[in-house]
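Notes to accompany the following structure.
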Amino acid sequence: MADPAQEGRKLSRSFGGLALLGILLVVAGLVGLVYTGVATLTSMILFGWLLLVGGLVGLLHAIQSRGTNYFWLGVVVAALNIAAGVVVIRHPHGSAEALTMFAALLFLTGGVFRLAGSVVVRGPQFGWTLLQGAFGLLLGLLVLFDWPHSSLYVLGCFFSLALLFDGLGLVAIGVGGRRIVAMVSDRMTPAGGPDQGGSGQGQPGQPPGGEQKRSDS
């Protein structure tokens, strides 16, 4: 049977590693918020490599599944991923402009639908839905009016915020996990104390050796 104290130390080190990773992500997110242009290019290059590697893995999987009904579908999807990855890696600025335009249109569409839905339905979350729709519409218009210059900072800002909040979540999990492990370890540790049995037993208030004194008298 494994020692509970040793297992607790292992869990504590694991949670400490999560907290350390979260701190690194928080630092990376803060740096990205300062240098949004670099963060945008970094996110585009990472996105391109993810598409490229995912396409290669999908192509290998499709080759291994020759003779099945979805073989050609897997080949086509893998080829599209590979082509998109190569384009994004070779042209990160143009890819950032295209994705920023897509994000602006997505914000606009989502904001309009939320506004229309909140006015038509008027449910219990009417005010909150109306505020979300107005915010999405305003954000889409701001990004669209400043395009293509907005492509230099919008994606980098979103990427940095994602790193920041993911890092804060990992830090919270790591610190909370270490505290829980410490509490459980303290409760599972037996309270060691001196032996209460033996010659010291007797009636309360009677000093040891009282019988010997009475016999002498």
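Here are the numbers:
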| read-out | value |
| --- | --- |
| Residue check for Val86: closer than 30 Å to Ile63 by Cα, hydrophobic (A, V, I, L, M, F, W, C), in contact (Cβ under 8 Å) with a residue 24 or more places away in the chain and exposed (fewer than 15 other Cβ atoms within 10 Å of the Cβ) | yes |
| Residue that is most open to solvent (accessible area, probe 1.4 Å), among those in segment 91-102 that are of a type outside the set (Gly, Ala, Ser) and out of contact with any helix residue (DSSP H, G or I) (no Cβ under 8 Å at 6 or more places or on another chain) | Phe102 |
| Which numbered condition Ser65 fails, given (1) among the hydroxyl-bearing types (Ser, Thr, Tyr); (2) under 15 Å from Leu161 (Cα atoms); (3) in contact with a helix residue (DSSP H, G or I) (Cβ under 7 Å, 6 or more places away or on another chain) | (2) |
| Ser65 of a type in the set (S, T, N, Q) and touching a residue at least 60 places away in the same chain (Cβ under 8 Å) | no |
| Condition met for Leu164 (in a helix (DSSP H, G or I), open to solvent by 50 Å² or more (accessible area, probe 1.4 Å) and of a type outside the set (Asp, Glu)) | no |
| Failed item, numbered, when Gly111 is tested on (1) modelled with pLDDT of 85 or more; (2) open to solvent by less than 60 Å² (accessible area, probe 1.4 Å); (3) not β-branched (Val, Ile, Thr) | (1) |
| Candidate set from segment 114-129 (those that are open to solvent by 60 Å² or more (accessible area, probe 1.4 Å) and hydrophobic (A, V, I, L, M, F, W, C)); member that is modelled with the lowest pLDDT | Phe126 |
| Residue check, Thr36 crowded, with 16+ Cβ neighbours inside 10 Å, touching a residue at least 60 places away in the same chain (Cβ under 8 Å) and β-branched (Val, Ile, Thr) | yes |
| Residue count, segment 108-137 (criterion: in a loop (DSSP other than H, G, I, E, B) and among the basic types (Lys, Arg)) | 1 |
| Scan of segment 138-156 for residues that are assigned to a helix (DSSP H, G or I) and open to solvent by 50 Å² or more (accessible area, probe 1.4 Å), ordered by number | Leu138, Leu141, Leu142, Leu144, Phe145, His149, Leu152 |
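For every residue, the table says whether it meets (1) open to solvent by 70 Å² or more (accessible area, probe 1.4 Å); (2) under 30 Å from Tyr153 (Cα atoms); (3) more than 25 Å from the chain's Cα centre (by Cα).
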site	(1), (2), (3)
Ser43	no, yes, no
Val53	yes, yes, no
Gly58	no, no, yes
Ser65	no, no, yes
Val75	no, no, yes
Leu80	yes, yes, yes
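The values are calculated or read from the model by the stated rules, or taken from the named source; none is laboratory data. Everything numeric here is computed off the predicted structure, so don't read it as measured data. Backbone-built Cβ (ideal geometry, glycine too); neighbour counts: all protein chains shown. Accessible surface is based on the protein model in full, side chains and every heavy atom, while ligands, DNA and RNA are left aside. Shrake-Rupley method; radii C 1.70, N 1.55, O 1.52, S 1.80 Å.
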